[in-house]
Amino acid sequence: MGLVDVQENGNGNGDVIEIPLGAKNKYIRMTSEEEEEEEEGFATRKHDSKKYIFACAVFASLNSVLLGYDVGVMSGAIIFIQGDLKITEVQQEVLVGILSIISLLGSLAGGKTSDWIGRKWTIGLAALIFQTGGAIMTLAPSFKVLMIGRLIAGVGIGFGVMIAPVYIAEISPAIARGSLTSFPEIFINFGILLGYISNYAFSKLPAHLNWRIMLGVGLIPSVVIAVALFIIPESPRWLVVQNRIEEAKLVLSKISESEKDAEEKLQEIQKAAGSGNADKYETKAVWKEILYPSPPVRRMLITGCGIQCFQQITGIDTTVYYSPTIFKNAGITGNSELLAATVAVGFTKTVFILIAILLIDKLGRKPLLYVSTIGMTISLFSLSFALAFLSHAKIGIALAILAVCGNVASFSVGLGPICWVLSSEIFPLRLRAQASALGAVGSRVSSGAISMSFLSVTKAITVAGTFFVFGVISCSAVAFVHYCVPETKGKSLEEIEVLFQNVGESQESEVEMGDVEHLMQKS
């Protein structure tokens, strides 16, 4: 009688039937070998899929280096452009801020474009447009030509900042989506740091040459992106919407831990996509749903677009673009000293974004947002105090540098990366590209408006007064996080969609489910 027969039949009296010890040992030994082989295969595939997804996230984020580099390098290059091309203060404001304003065209067009040609090729298009604009800026003989190049580069950046988080969110597993979708923000910070270093490295060259080299170095990442397009796959969710099911299966098999997992994900995506009906996603229908939203979609839009706006209206871009101006106001003199201080800011920003990546999927989005917005509020008020009452004193200079570093550190540990994570994961598949584009537009418009008006506002209410206003806005951001941002850690994109259907009910059901699981574990 076999082992199964003995267990099922017994002797009818509930007595235990003994099994020879040798047979038992032999049975367990064979099972252990099979299990070990199966576990090894599973572990290998899991490791390979993680490496593949990581590589895709890195390549998709390279456009963000372009944005970060431009932001960082322009803070120093503008000093030399002003001297070489003899531009006015108003022209200086326009040159710095117009990139963010014009990038909204790229972000708006990016939603439709990514639904039309795919997420992957939209990434390539963004790099091509930026490279064209960057080349024109590098060779510009006048302010007018420089502006034309900057406008073209801005459109490319608009495409890039919108599409990278969407693409990464659609290929990432729920357990690591927060960290991976933060990669664009890491690369923005890395680009800013490179821009600051470039300022410092080339600042001693002749004034007609140094700023051109500073801008020209920013074209290098575009070449890498061209190569990356032949490595990264298309988004499986976009492929499903286009009824390209077999291609979606192939991609899912590469990014999933097992064939069973890939099949389950495919079914889940097909269900969310409305059985893969591409006709359902006509632009008019999508925009109608965004402009006349249902309550769940309204909550999504408030969360996604609101967090994007708060990311910028708290003044982070002015801190980065105009950090030499801030430090000069604090009492630091000399271009080399000013640019060296900005390198410290860039280094701080980069280090803390790396800390955020380690914590975002462990602690969750909301706790980090609280730490971030509260830390920014304290730093902004401290900077205002230092500039107002301790300007040109050693302790004032030290406090100003500490406050600026504290502001960018707080931003980078929460509001910076999580803004893009939330805006790419909270919208349903049918709205994701267009709604994310709308959120990116809010971010770019806010950034441009703040950057273009900074110098004029500081003349009216002083630099200290301006940062006091940013501190007040940051207080409002704390309240926004508390009331409008739900926790999405560990949930699939399809589960997050359900979360917004009814916030109260969803939270209650999560608690009940947690209680049931707890009781089951106890029993």
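Of all residues in the stretch 136-175, those that are over 18 Å from Leu85 (Cα atoms), open to solvent by less than 30 Å² (accessible area, probe 1.4 Å) and assigned to a helix (DSSP H, G or I) total 19. May I ask you to verify whether Ser410 is within 15 Å of Ser100 (Cβ to Cβ) and in the same structural domain as Phe327 (by the TED database)? No; evaluated as a whole, the condition is false for this residue. Restricting Leu252, Leu215, Leu239, Leu209 to residues that are open to solvent by less than 50 Å² (accessible area, probe 1.4 Å), in the same structural domain as Ile79 (by the TED database) and assigned to a helix (DSSP H, G or I) narrows the list to Leu215. If I filter the stretch 105-126 for residues that are within 26 Å of Tyr200 (Cα to Cα) and open to solvent by 40 Å² or more (accessible area, probe 1.4 Å), do I get at least one hit? No, the stretch 105-126 contains no residue that is within 26 Å of Tyr200 (Cα to Cα) and open to solvent by 40 Å² or more (accessible area, probe 1.4 Å). For the residues Ile313, Ile307, Ile326, the requirement of being open to solvent by 30 Å² or more (accessible area, probe 1.4 Å), under 30 Å from Ala409 (Cβ atoms) and at pLDDT 80 or above singles out Ile313.
Scanning the stretch 222-236 for residues that are open to solvent by less than 10 Å² (accessible area, probe 1.4 Å) and part of a helix (DSSP H, G or I) yields a total of 4. Could you tell me whether the stretch 111-120 includes any residue that is outside any helix (DSSP H, G or I) and in contact (Cβ under 8 Å) with a residue 40 or more places away in the chain? Yes.
Select, from Ile129, Ile123, Ile152, Ile136, the only residue that is assigned by the TED database to the domain that holds Ile197 and closer than 19 Å to Gly448 by Cα. None of the others qualify; the one that does is Ile152. Residues in the stretch 82-100 that are charged (D, E, K, R) and either open to solvent by 40 Å² or more (accessible area, probe 1.4 Å) or under 22 Å from Glu337 (Cα atoms) (or both): Asp84, Lys86, Glu89.
Considering only the stretch 61-81, I want to know if a residue exists there that is in a helix (DSSP H, G or I), open to solvent by 40 Å² or more (accessible area, probe 1.4 Å) and farther than 30 Å from Arg430 by Cβ. Yes: the stretch 61-81 contains one or more residues that are in a helix (DSSP H, G or I), open to solvent by 40 Å² or more (accessible area, probe 1.4 Å) and farther than 30 Å from Arg430 by Cβ. Per the conditions (1) assigned to a helix (DSSP H, G or I); (2) more than 30 Å from Leu108 (Cβ to Cβ); (3) open to solvent by 10 Å² or more (accessible area, probe 1.4 Å), the sole criterion not satisfied by Leu438 is (2).
Against the numbered list (1) at pLDDT 85 or above; (2) within 30 Å of Ser476 (Cβ to Cβ), Val251 comes up short only at (2).
Is it the case, given these coordinates, that Val94 is in contact with an Asp or Glu (Cβ under 8 Å, 6 or more places away or on another chain), in the same structural domain as Tyr196 (by the TED database), part of a helix (DSSP H, G or I) and modelled with pLDDT under 90? No; evaluated as a whole, the condition is false for this residue. Checking each residue in the stretch 255-269 for being outside any helix (DSSP H, G or I) and crowded, with 16+ Cβ neighbours inside 10 Å picks out Ser256, Glu257.
All conditions but one from (1) at pLDDT 80 or above; (2) buried (at least 22 other Cβ atoms within 10 Å of the Cβ); (3) not hydroxyl-bearing (Ser, Thr, Tyr) apply to Ile461; the one that does not is (2).
Residues that are in a helix (DSSP H, G or I), outside the structural domain of Phe183 (by the TED database), out of contact with any helix residue (DSSP H, G or I) (no Cβ under 7 Å at 6 or more places or on another chain) and β-branched (Val, Ile, Thr) are absent from the stretch 359-376.
Please work out if Ala409 is free of Cβ contacts under 8 Å to residues at least 12 places away in the same chain, assigned to a helix (DSSP H, G or I) and among the small types (Gly, Ala, Ser). Taking the combined requirement at face value, the residue does not satisfy it.
Ile355 meets all of the listed conditions (1) modelled with pLDDT of 85 or more; (2) farther than 29 Å from Ser182 by Cβ; (3) loosely packed, with under 15 Cβ neighbours inside 10 Å but one, namely (2). Within the stretch 191-205, the presence of at least one residue that is among the aromatic types (Phe, Trp, Tyr), closer than 24 Å to Ala409 by Cβ and surrounded by fewer than 24 Cβ atoms within 10 Å (Cβ to Cβ) is confirmed.
The values are calculated or read from the model by the stated rules, or taken from the named source; none is laboratory data. Nothing here was measured: the structure is a model prediction, and the numbers come from that model. All Cβ positions, even for glycine, are placed from backbone atoms using ideal geometry, and neighbour counts span all protein chains on display. Protein only, heavy atoms only, side chains kept; ligands, DNA and RNA dropped before computing areas. Shrake-Rupley method; radii C 1.70, N 1.55, O 1.52, S 1.80 Å.
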